[in-house]
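What follows is one structure encoded as structure tokens, with my remarks underneath.
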């Protein structure tokens, strides 16, 4: 199992550690609900250094990205970030990712930890034009500082005007006295905040500086458990749960990052699927009766006929009710439709709602 540059710090802080995507990761410190509330109302720090980063460089870098991703990366400008996905050749998704345009010929792709090798091999397969590719995952640390107080808590550490940064943009600059830190106004919580990328050798220094600067704002370390409840309240997809090699971006509600203004992997088949309509859709639902939906629980209609599967579910700390996402037959995907979750052979009532759950 791999460690991040901050693993020892997490253990000293009393984190409960679990294996995740081949890494030894903190799942919680003070408890998932308390950590969730810290991020929703204040500011918290996630070590997400297990994520993967690739640098693509050269005259043909954009062409390669256009070929393998579903979104239109030609719309990017220097300092802009884009959410996208890597479609496979059979209608599913290799991974979802972020594309950073550093300059006209240099891009950074940020991919899921469990898919680093798979994504690298997939993109390399299409790199027939000599784009210079570097996998910098093992030497790059990534912290997500999330919550409504994030900009205030971090501002003393950098000259970058954090409060004025637009969502899905980034800047490079000095942070906590370290040069060339990439500060990105992105995140996976819906609570606002930043993700910062830097070399492993600076990890401990930057971690300590953030906690010192954030102390007056009640900053706390946050584990992967709260990251999951926060992202689910926003209806954000988790690779391996809500999307995978068998789910089409159109079924998953990712039509907004699937642009047919260009050709990309499997684009003709996906365009045909768009014209014909999908047979199932990823939906959000909230429980009406008592019960917590879990991954792979069956979704049924009033007569008990199988109509789909739960992909993610939890008790929402912010809403104090159970929520979930799952694929259902298109006929049952309309907002307000009553469905049932099969929990231990009991039909537990729920209804379709439009994410985000936490408005």
Checklist entry - Do you know which residues across segment 70-85 are closer than 20 Å to residue 237 by Cβ and part of a helix (DSSP H, G or I)? => result 73
Item to check | Extreme residue, farthest from residue 88 (Cα to Cα), among residues of segment 116-131 that are touching a residue at least 24 places away in the same chain (Cβ under 8 Å) and exposed (fewer than 14 other Cβ atoms within 10 Å of the Cβ) | outcome: 130
Next on the checklist: Is it the case, given these coordinates, that residue 51 is crowded, with 17+ Cβ neighbours inside 10 Å, under 30 Å from residue 265 (Cβ atoms) and in contact with a strand residue (DSSP E or B) (Cβ under 8 Å, 6 or more places away or on another chain)?
Outcome noted: yes
Item to check | Inter-residue pairs, beta-carbon under 9 Å, first assigned by TED's automatic domain parsing to the domain that holds residue 219 and in segment 13-24, second exposed (fewer than 14 other Cβ atoms within 10 Å of the Cβ) and in a loop (DSSP other than H, G, I, E, B), 6+ apart | outcome: 19/1; 22/1; 23/1; 24/1
Checklist entry - Somewhere in segment 185-201, is a residue more than 21 Å from residue 108 (Cβ to Cβ) and in a helix (DSSP H, G or I)? => result no
Checklist entry - Restricting attention to segment 156-175, does a residue exist that is within 15 Å of residue 53 (Cβ to Cβ), in contact with a strand residue (DSSP E or B) (Cβ under 7 Å, 6 or more places away or on another chain), assigned by TED's automatic domain parsing to the domain that holds residue 220 and in a strand (DSSP E or B)? => result yes
Item to check | Flag for residue 282 being part of a helix (DSSP H, G or I) and touching a strand residue (DSSP E or B) at 6+ places or on another chain (Cβ under 7 Å) | outcome: no
Checklist entry - Would you say residue 42 is surrounded by fewer than 24 Cβ atoms within 10 Å (Cβ to Cβ), in contact (Cβ under 8 Å) with a residue 60 or more places away in the chain, over 19 Å from the mean Cα position of the chain (by Cα) and not assigned by TED's automatic domain parsing to the domain that holds residue 146? => result no
Checklist entry - Are there any pairs, at least 6 apart or on different chains, whose C-beta atoms fall under 8 Å, with the first in segment 284-301 and modelled with pLDDT under 95 and the second crowded, with 21+ Cβ neighbours inside 10 Å and part of a loop (DSSP other than H, G, I, E, B), and if so, which? => result none
Item to check | Condition broken by residue 175, with the remaining ones in (1) buried (at least 22 other Cβ atoms within 10 Å of the Cβ); (2) out of contact with any helix residue (DSSP H, G or I) (no Cβ under 6 Å at 6 or more places or on another chain) satisfied | outcome: (2)
Checklist entry - Has segment 196-217 got any residue that is assigned by TED's automatic domain parsing to the domain that holds residue 34, in contact with a helix residue (DSSP H, G or I) (Cβ under 7 Å, 6 or more places away or on another chain), modelled with pLDDT of 95 or more and on the phi > 0 side of the Ramachandran plot? => result no
Checklist entry - How many residues are farther than 23 Å from residue 259 by Cα and in a strand (DSSP E or B) if we restrict to segment 38-54? => result 6
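So that you can scan it fast, the table gives a plain yes or no per residue for (1) within 18 Å of the chain's Cα centre (by Cα); (2) assigned to a loop (DSSP other than H, G, I, E, B); (3) within 23 Å of residue 199 (Cα to Cα):
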{"site": "119", "(1), (2), (3)": "yes, no, yes"}
{"site": "123", "(1), (2), (3)": "no, no, no"}
{"site": "138", "(1), (2), (3)": "no, no, yes"}
{"site": "144", "(1), (2), (3)": "yes, no, yes"}
{"site": "153", "(1), (2), (3)": "no, no, yes"}
Next on the checklist: Let me spell it out: the conditions are (1) surrounded by 15 or more Cβ atoms within 10 Å (Cβ to Cβ); (2) in contact with a helix residue (DSSP H, G or I) (Cβ under 7 Å, 6 or more places away or on another chain); (3) more than 24 Å from residue 358 (Cβ to Cβ), and residue 155 meets all of them except one. Which number is the exception?
Outcome noted: (1)
Checklist entry - Based on what the data block shows, is residue 271 assigned to a helix (DSSP H, G or I), surrounded by 14 or more Cβ atoms within 10 Å (Cβ to Cβ) and out of contact with any helix residue (DSSP H, G or I) (no Cβ under 7 Å at 6 or more places or on another chain)? => result yes
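The values are calculated or read from the model by the stated rules, or taken from the named source; none is laboratory data. Worth saying up front: this structure is predicted, and the values here are computed from it rather than measured. Neighbour counts run over all protein chains shown; Cβ positions are idealised from the backbone, glycine included.
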